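Worksheet: one structure, shown below.
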Amino acid sequence: MEYRKISNQKVKDAIEAWQKGKVALWLSFFTADALLLDDGHPRDFNKFSTEAIGHEHFTSVDKVEDNGMSVYGSFHSDTWGDFKTYFKFYLDAAGKFSKLEIGQASY
C-alpha cells in the first residue's frame, strides 16, 4: 500500500503498524486511556484494536487532511466487507494520540 500521501510521520507510522498487524506497536502510539469514537459512538479502544488488527486494513489511502492527521481510504473488514472509511488522529501535549475517530466516509 502507498503511504506517501500521509504527511504526518507519527500518523504514517501508526497506520503502517495497523496495516502490518503489529498490535503492540500500534498501541504504543496512543495514551493508555485513548478515546475511540466509531461513527461518533464511544468504544473500548484497546478491545477494538486487538480484535480488528489483522482482520481489518486499508486497501488504499485516497486522501489526507488536517495536516496529515485525518486519513481517508478504501477499507476491508473480514466482518463488514469493503467500504470507505476515515481515521482521525488527535495528539496530546506529550505527543501521543489521545483520541481516534473512525467511521464510514462518503467522498
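FYI, it's all coordinate maths here, none of it is from the lab. Since this is a predicted model, take the numbers as computed values, not measurements. Methodologically, a virtual Cβ is constructed for each residue, glycine included, from the backbone with ideal geometry; neighbour enumeration extends over all protein chains shown.
Among the residues in the stretch 16-32, are any part of a strand (DSSP E or B) and either among the aliphatic types (A, V, I, L, M) or over 13 Å from the mean Cα position of the chain (by Cα) (or both)?
Yes, the stretch 16-32 contains at least one residue that is part of a strand (DSSP E or B) and either among the aliphatic types (A, V, I, L, M) or over 13 Å from the mean Cα position of the chain (by Cα) (or both).
How about the stretch 34-56: which of its residues are free of Cβ contacts under 8 Å to residues at least 40 places away in the same chain and part of a strand (DSSP E or B)?
Within the stretch 34-56, His41, Pro42, Arg43, Ile53, Glu56 qualify.
Please determine, by comparing only the residues of the stretch 59-69 that are buried (at least 18 other Cβ atoms within 10 Å of the Cβ) and either small (Gly, Ala, Ser) or under 22 Å from Ser98 (Cβ atoms) (or both), which one is farthest from the chain's Cα centre (by Cα).
Result: Val64.
Would you mention how many residues in the stretch 90-101 are farther than 17 Å from Lys12 by Cβ and surrounded by 15 or more Cβ atoms within 10 Å (Cβ to Cβ)?
3
Quick check on my filter: what residues within the stretch 69-84 are farther than 16 Å from Ser49 by Cα and part of a strand (DSSP E or B)?
Ser70, Val71, Tyr72, Gly73, Ser74, Gly81, Asp82, Phe83, Lys84
Any chance the stretch 80-89 includes a residue that's out of contact with any Pro (no Cβ under 8 Å at 6 or more places or on another chain), surrounded by fewer than 16 Cβ atoms within 10 Å (Cβ to Cβ) and among the hydroxyl-bearing types (Ser, Thr, Tyr)?
Checked against the condition, which is being out of contact with any Pro (no Cβ under 8 Å at 6 or more places or on another chain), surrounded by fewer than 16 Cβ atoms within 10 Å (Cβ to Cβ) and among the hydroxyl-bearing types (Ser, Thr, Tyr), the stretch 80-89 yields no hits at all.
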